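The values are calculated or read from the model by the stated rules, or taken from the named source; none is laboratory data. These figures come from a predicted structure and were not determined experimentally. Cβ atoms come from the backbone with ideal geometry, glycine included; neighbour counts cover every protein chain shown. Only protein heavy atoms, including side chains, enter the accessible area calculation; ligands, DNA and RNA are left aside. Shrake-Rupley method; radii C 1.70, N 1.55, O 1.52, S 1.80 Å.
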Amino acid sequence: MSLIDHLLELRNRLLKVVLAVLICFGAIYPFANELYLWLSQPLRDLLPEGQVMIATDVTSPFFAPLKLALVLAVFAAIPYILYQIWSFIAPGLYKHEKKLAFPLLFSSVLLFYLGAVFAYFVVFPLVFGFFTTVGPEGISEMPDINSYLNFVLKMFFAFGVAFEIPIAVILMILAGITTPADLAAKRPYVVVGCFVVGMLLTPPDIISQTLLAVPMWLLFEMGILFGHLAYRRTANAEIDNAS
């Protein structure tokens, strides 16, 4: 294919991705208010009796659910988006690369969703439980709906990306950037780095920082384990091809 043909194919696949997101958005938006109530439930359940969430901006009651519906549409379309990416790059891959690429793409989607689920069901109750009990007496807690949405989306993104660590480790090993032995030797630095990242990506409390740092470290160890298996498999394939 010529460069123009590649660009045309890329344009067509991008249009399909946009169309998929719009279709998901059209299906989700009618339930945007209900979804926002579900998303805010971990915080609302912990608010003192008689206190509620508020909207400090006139447009927030409209734009907050709209923004949530759009983000959820992108999340829902991720498998199709990755399928379009796979279809675009697959013709340029070798056979053994295709065997590894598709499982990695599938695993990356699954891990991202697992990160978001972990944040909602494990992290949010603990973090909000901490924040709703440390305030000074006489202060009424009435969180703004738009600020809350920005906070939880940031947490979803942080945990979703953090759960991609095994995929990143495996890709670095397969690309020859490093080896499982080198990564294992750098384990102390990685543990410190996990806590630094947890400090930067989460609110300034030890609970949420630890809840991000510890899974990151465990996922790094998982990446080394599966990376070692992929490294050995690739080495054996190169030996077979050479013979």
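Summary table below
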| read-out | value |
| --- | --- |
| Residue in the stretch 176-183 that is crowded, with 16+ Cβ neighbours inside 10 Å, of a type outside the set (Asp, Glu) and touching a residue at least 12 places away in the same chain (Cβ under 8 Å) present | yes |
| Flag for residue 109 being modelled with pLDDT of 80 or more and either open to solvent by 80 Å² or more (accessible area, probe 1.4 Å) or acidic (Asp, Glu) (or both) | no |
| Pairs, first under 15 Å from residue 74 (Cβ atoms) in the stretch 151-163, second basic (Lys, Arg) and surrounded by fewer than 17 Cβ atoms within 10 Å (Cβ to Cβ), C-beta under 6 Å, six or more apart | none |
| Odd one out for residue 18 among (1) of a type outside the set (Phe, Trp, Tyr); (2) over 29 Å from residue 121 (Cα atoms); (3) open to solvent by less than 60 Å² (accessible area, probe 1.4 Å) | (3) |
| The listed residue being open to solvent by less than 40 Å² (accessible area, probe 1.4 Å) and either touching a helix residue (DSSP H, G or I) at 6+ places or on another chain (Cβ under 9 Å) or within 20 Å of residue 143 (Cβ to Cβ) (or both), out of 55, 76, 69 | 69 |
| Condition met for residue 82 (under 19 Å from the mean Cα position of the chain (by Cα) and part of a helix (DSSP H, G or I)) | yes |
